[in-house]
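Please treat every number below as a calculation from the coordinates, not as lab data. These numbers come from a predicted model, not from an experiment. No Cβ is skipped: glycine too gets one built from the backbone with ideal geometry, and neighbour counts run over all protein chains shown.
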Amino acid sequence: MATEIKAPTFPESVAEGSVAAWHKKPGDSVERDELIVEIETDKVVLEVVAPEAGTLSEVLAEEGDTVQSEQVLGRIGEGAAKGGEKKSEKSSEKADAKAEPKSEAKSETKAAPAAGGKSHEVKAPTFPESIQEGTVATWHKQVGEAVKRDEVLADIETDKVVLEVVAPADGAIAEIKVEEGSQVESEAVLAIFTEGAGGAATAADETPAASADDGSGDEKVGDKILAPAARKMVAEHDLDVSKIDGTGKGGRILKEDVQRAVQAGTAKKSAATPAAAPKQAAAAAPVVEGERPEKRVPMSRLRQTIAKRLVQAQQTAAMLTTYNEVDMGAVMELRAQYKDTFLKAHDVKLGFMGFFVKAAAEALKRFPDVNASIDGTDIVYHGYQDIGVAVSTDRGLVVPVLRDTDSMKIADVEKGIVDFGKRARDGKLGIDEMQGGTFTITNGGIFGSLMSTPIINPPQTAILGMHKIQERPMAVNGKVEIRPMMYLALSYDHRMIDGKDAVQFLVTIKELLEDPARLLLDI
């Protein structure tokens, strides 16, 4: 009886994916849980493993085809492949013939002449409903330059995330239709790509050991074999493949292996050679004219959106800010006492943000007006506490959202924030992770800010600003003591929140932080 191979269940924010690479051909034997096909979405590459051992009997979705969540991709028959290579070759030829009208199969790439074979339109990704257009930020490849399948061709920058456009096959770009800096809509044609083009010249210059493709989607670099998803990550982070240990079958380097190497920082390439350094410096240097140089660059879409929203918030909200200060001594003592135990138990450091998020979640329950939002002439009261945490990146400020913080433990909060921070800096946050939110916390203290006035993140009605912890002389029980103090700022929309509630909300956070036991005892 045949076993169906199905696409994974996609997250709600992912409508569809495309078949990136089949690692087996019809007639090949497979083991249970062996990687068989990869599905690429606009956010992640998903690996599909064999549900049972047997023989791949049928491929229903060819490489390059668009598939839906849980769609049947192929079937596995019982037993291993028999009859030697003839059966495998016959099945493979049949699959190639079936795929010829619409597929981007590897066999076509190999058969293509050096001057170029089948042509494809390279299109912008399908943008989510909340994104109207994007900007071509960077072309990583030029016309005629040889590229590998799944190698990044261009980056599309939207007002929330950067989306990558990858090569549909081995070949080269024949024509670029949209230059850098141009705005594009969803699925707009960016370039014309030709299979096999540009490959002959570069192939002659490469030694067989340097890079080889066996037609499965894997690529051999030196003595290492990389899966497509792993190859993509290696290129993104510019890693030295020889320093990465593969845990896949036969030492194959998987995506997880690359992720571990990135986190550990053990696979970085050596510093640029002296000959290459001047070239890199020249490329990075701005154009200088006269003795008073200026450099003019277009504002990124993310920066444009941030500017627009900040001005809009100040123009539409009746924004006020109330201030208070909190003695961080109790929290700091708690951290010092349990930081090592916490790290061993949860594999994450105990920071300050976990306490602030939990204190804010408790205060939001007590003051529902602060957790509400304004929609036209309606007030929307939220029965949950989704708190956005502002994260600074090279591209600008982004605010990923922690969902249902009331039910989260401090360890969960810390893990979520570490993950958000890393993926924000790598440009890997999903759009759905930055939408929604009923309240926001921003921490200017990590940059040394002693006091600031945060701006509300519409349609939310309040935002909490944290600042630098600084020792100051304080009057404690009639005596002067040096205490670690932090100024807190709460900006709020006076159309929705009265001054009394805003002040009491901030005082509640102060009391919970100065006596952290309250967070555990719910008092």
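Calculate the spin-label point distance for Arg32 paired with Gln314, positioning each point 7 Å from the Cα along the beta-carbon direction, and give it in nanometres.
6.4
Where does each of Asp245, Asp369 land when they are ranked from fewest to most other beta-carbon atoms within 10 angstrom?
Fewest-to-most Cβ neighbours within 10 Å comes out as Asp245, Asp369.
Work out the length of the dipole vector of the stretch 302-521 about its Cα centre, built from +1 on the beta-carbon of each Lys and Arg and -1 on the beta-carbon of each Asp and Glu, and round it to the nearest 20 debye. Present the calculation step by step, with values, prior to reporting the outcome.
Values: 26 positive and 27 negative charges, 120 e Å.
Using only the charged Cβ atoms, the result is roughly 580 debye.
For Lys344, Lys148, what ranking results if the residue with the fewest other Cβ atoms within 10 Å of its Cβ goes first?
Listing Lys344, Lys148 from fewest to most nearby Cβ atoms yields Lys344, Lys148.
Which value in nm describes the separation of the simple spin-label points at Ala53 and Ala345, placed 7 Å from the Cα toward the beta carbon?
4.3
Most exposed first by the Cβ proxy, i.e. fewest other Cβ within 10 Å, how do Tyr384, Tyr487, Tyr492, Tyr338 rank?
Tyr338, Tyr384, Tyr487, Tyr492
Tell me, in nm to one decimal, what length is gained between Asp378 and Thr247 on full extension, where the rule is 0.36 nm per residue of separation less the Cα-Cα distance?
Computed gain between Asp378 and Thr247 is 41.6 nm.
Let's see if you can work this out: charge +1 on each Lys and Arg Cβ, -1 on each Asp and Glu Cβ, no other charges. What is the dipole magnitude of the stretch 25-76 about its Cα centre, in debye to the nearest 20?
Charge dipole, the stretch 25-76, about its Cα centre: 120 debye, nearest 20.
Considering the dipole of the stretch 302-521 built from charges on the beta carbon (Lys and Arg +1, Asp and Glu -1) around the Cα centre, which of Leu343, Pro458, Leu320 is farthest to its positive end?
Comparing the listed Cα positions along the dipole, Leu343 ranks first.
Given the C-alpha centroids of the stretch 453-523 and the stretch 125-187, what is the distance between them in whole angstrom?
45
Glu294 to Gln68: extension gain in nm, 0.36 nm per residue of separation minus the Cα-Cα distance? Each step should come with its number before you reach the end.
Values: separation 226, 0.36 × 226 = 81.36 nm, distance 5.01 nm.
Residue separation times 0.36 nm, minus the Cα-Cα distance, leaves 76.4 nm.
Of Lys358/Lys415; Lys269/Lys428; Lys255/Lys344; Lys349/Lys468; Lys118/Lys148; Lys344/Lys510, which pairs sit farther than 24 Å apart, going by alpha carbon to alpha carbon?
In this structure, Lys255/Lys344; Lys344/Lys510 lie more than 24 Å apart at Cα.
Give me the three principal axis extents of the stretch 447-523 from the C-alpha atoms, as integers in angstrom, largest value leading.
Dimensions of the stretch 447-523 along the principal axes of its Cα atoms: 43, 33, 22 Å.
Please work out, to two decimal places, the log10 of the ratio I(q)/I(0) at q = 0.07, 0.11, 0.12 Å⁻¹ from a Debye calculation in which every Cα of the stretch 302-521 carries one identical scatterer.
Log10 of I(q)/I(0), two decimals: -0.21, -0.53, -0.64.
Taking 0.36 nm per residue of separation and subtracting the Cα-Cα distance, what length does fully extending Ser392 through Glu175 add?
Going from the current span to full extension adds 74.5 nm.
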